[in-house]
1. Looking at segment 87-95, is at least one residue touching a residue at least 24 places away in the same chain (Cβ under 8 Å), more than 12 Å from the chain's Cα centre (by Cα) and under 13 Å from residue 43 (Cβ atoms)?
2. Give the residues of segment 48-67 that are in contact (Cβ under 8 Å) with a residue 24 or more places away in the chain and part of a loop (DSSP other than H, G, I, E, B), sorted by residue number.
3. What tally of residues in segment 118-139 results from selecting those that are out of contact with any Gly (no Cβ under 6 Å at 6 or more places or on another chain) and of a type in the set (Phe, Trp, Tyr)?
4. I need every pair where a residue in segment 121-142 that is more than 13 Å from residue 36 (Cα to Cα) has its Cβ under 8 Å from the Cβ of a residue that is among the aromatic types (Phe, Trp, Tyr) and surrounded by fewer than 16 Cβ atoms within 10 Å (Cβ to Cβ), sequence separation at least 6 or different chains.
5. For segment 68-109, name all the residues that are assigned to a strand (DSSP E or B) and of a type in the set (S, T, N, Q).
6. Among the candidates 149, 143, which residue alone is surrounded by 16 or more Cβ atoms within 10 Å (Cβ to Cβ), among the β-branched types (Val, Ile, Thr) and part of a loop (DSSP other than H, G, I, E, B)?
7. Quick one: how many residues across segment 77-90 are modelled with pLDDT of 95 or more and either touching a Lys or Arg at 6+ places or on another chain (Cβ under 9 Å) or surrounded by fewer than 14 Cβ atoms within 10 Å (Cβ to Cβ) (or both)?
8. Identify, from the list 116, 145, 94, the residue that is at pLDDT 90 or above, farther than 21 Å from residue 65 by Cβ and small (Gly, Ala, Ser).
Amino acid sequence: MRAHLLAIAVLLTACGGATAPPAAATSTCVNAQAAHKAYLVVTHLDGRSVQKCVGFASDQLNGEDLMKQSGIEFQSQAFSFGKAVCQIDNEPDSFSECFPKDKPFWALFTETAGGSWTGAQVGYTAVNLKSGEAMGWRYASPTASPAPTPAPPKE
C-alpha cells in the first residue's frame, strides 16, 4: 500500500498534478516526442501569460520557426532591418502601424537554459534557440524603460 501511494505521489508530481500553473497561463508542447524543446512565452499588457513548447530534432530552432510552430497567432511586418512583430495572441486587437508613437510595443527577450531573460540584440528571425532555451515577448508600455521581462518559462 505504501509503495502504491508513493507511486501515485511521484506520478502526480511528474505530471504537474501537485502544483498546477496559474489559471491564466496555458502551456502545451508541440512535437513533444522530439529530442529537444524550446519555449515561447508571451506576456500581455494586463499580465496574462501564454506559453508554448516546441519540440525539434536539429541542434537549434530558429525564432521564426518557433513562432510559426507554436500555434500562437502573430502578425509581422518587413522593414529594412528585417521582420518586426506587431501583434501576438491578438494583442493589440488591430493595428495600422507596427510601432505607433506612444503606444505599447512587443519587447523581445531570450533566455538561455538555466539563465535569466535578456533583451534581444537581434530580431526574432535571427534568434536561434538550443534545447531548453526560450524566446519571450512582453507587451510593454511605451514609458517602461527598460521593458519588464516576460513570465518565466515552465516545463
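1. yes
2. Result: 48, 59, 60.
3. 2
4. 123/81
5. Initial filter on segment 68-109 (assigned to a strand (DSSP E or B)): 74-79, 82-88, 91, 105-109.
Passing the criteria: 75, 76, 77, 87.
6. It is 149.
7. 2
8. The conditions single out 94.
The values are calculated or read from the model by the stated rules, or taken from the named source; none is laboratory data. Just so it is clear, the structure is predicted and the values come from calculations on it, not from any experiment. Positions of Cβ are generated from backbone atoms using ideal geometry, with glycine treated the same way; all protein chains shown enter the neighbour counts.
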